[in-house]
Amino acid sequence: MAADDLLDETRGDAPGRGRLAGRRILVVGGGQEDYGLKPMVVHAVDELVRLGYARREPDPADGRAKLVTMTERGLQAERAGREAVARVRDAWAVALGEREMEQLEALLRRLRATLWPRVGSGATRS
């Protein structure tokens with residue numbers, strides 16, 4: 001499995017939280033299960049905008065919402081991050097062997113699913 005595949009698995013819809021479509025995130029109102037995430041998301045977006053990695057745009061489909069779009073600087077940072085993750089993964093695969101690396105990735109995915117189940121999946125954290 002490529003590093004991009006692992007990174008892409010973290011993307012997807014989170015009902016009531018946001019929607020990722022291409023390089024845009026639509027931040028919408030949180031429900032009862034907000035978990036205090038909205039202020040953290042707003043702060044993170046504020047910082048990304050301030051640093052030039054993202055910009056806010058009006059959502060043409062919903063006047064109340066804003067689209068957060070990555071700038072060219074943000075896209076460059078994402079590429080650099082993906083390349084760094086790929087280099088680390090490759091180094092670990094050399095040390096462990098490809099078979100054990102795939103086992104490690106599977107275990108890490110399982111751990112992530114247990115600790116941070118997807119919103120709306122019906123899974124609970126024990």
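The values are calculated or read from the model by the stated rules, or taken from the named source; none is laboratory data. Values in this document were obtained by computation on a predicted structure and should not be read as measured data. With ideal geometry, Cβ positions are generated from the backbone for all residues, glycine too; neighbour counts draw on all protein chains shown.
For the structure I just gave you, tell me whether Ala95 is farther than 24 Å from Arg118 by Cβ and touching an Asp or Glu at 6+ places or on another chain (Cβ under 9 Å).
Considered against the rule, which asks whether it is farther than 24 Å from Arg118 by Cβ and touching an Asp or Glu at 6+ places or on another chain (Cβ under 9 Å), Ala95 comes out as no.
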For this session: Could you run through segment 50-59 and say how many residues are of a type outside the set (D, E, K, R), surrounded by 12 or more Cβ atoms within 10 Å (Cβ to Cβ) and more than 20 Å from the chain's Cα centre (by Cα)?
Result: 0
Exercise. When you scan segment 60-100, how many residues do you find that are closer than 20 Å to Arg50 by Cα, surrounded by 11 or more Cβ atoms within 10 Å (Cβ to Cβ) and acidic (Asp, Glu)?
Worked result: 1
Exercise. Take the residues of segment 114-126 that are closer than 28 Å to Ala54 by Cβ and hydrophobic (A, V, I, L, M, F, W, C): which is modelled with the lowest pLDDT?
Worked result: Val119
Exercise. Can you name the residue in segment 36-49 that is modelled with pLDDT of 90 or more and β-branched (Val, Ile, Thr) and, of all such residues, is surrounded by the most Cβ atoms within 10 Å (Cβ to Cβ)?
Worked result: Val45
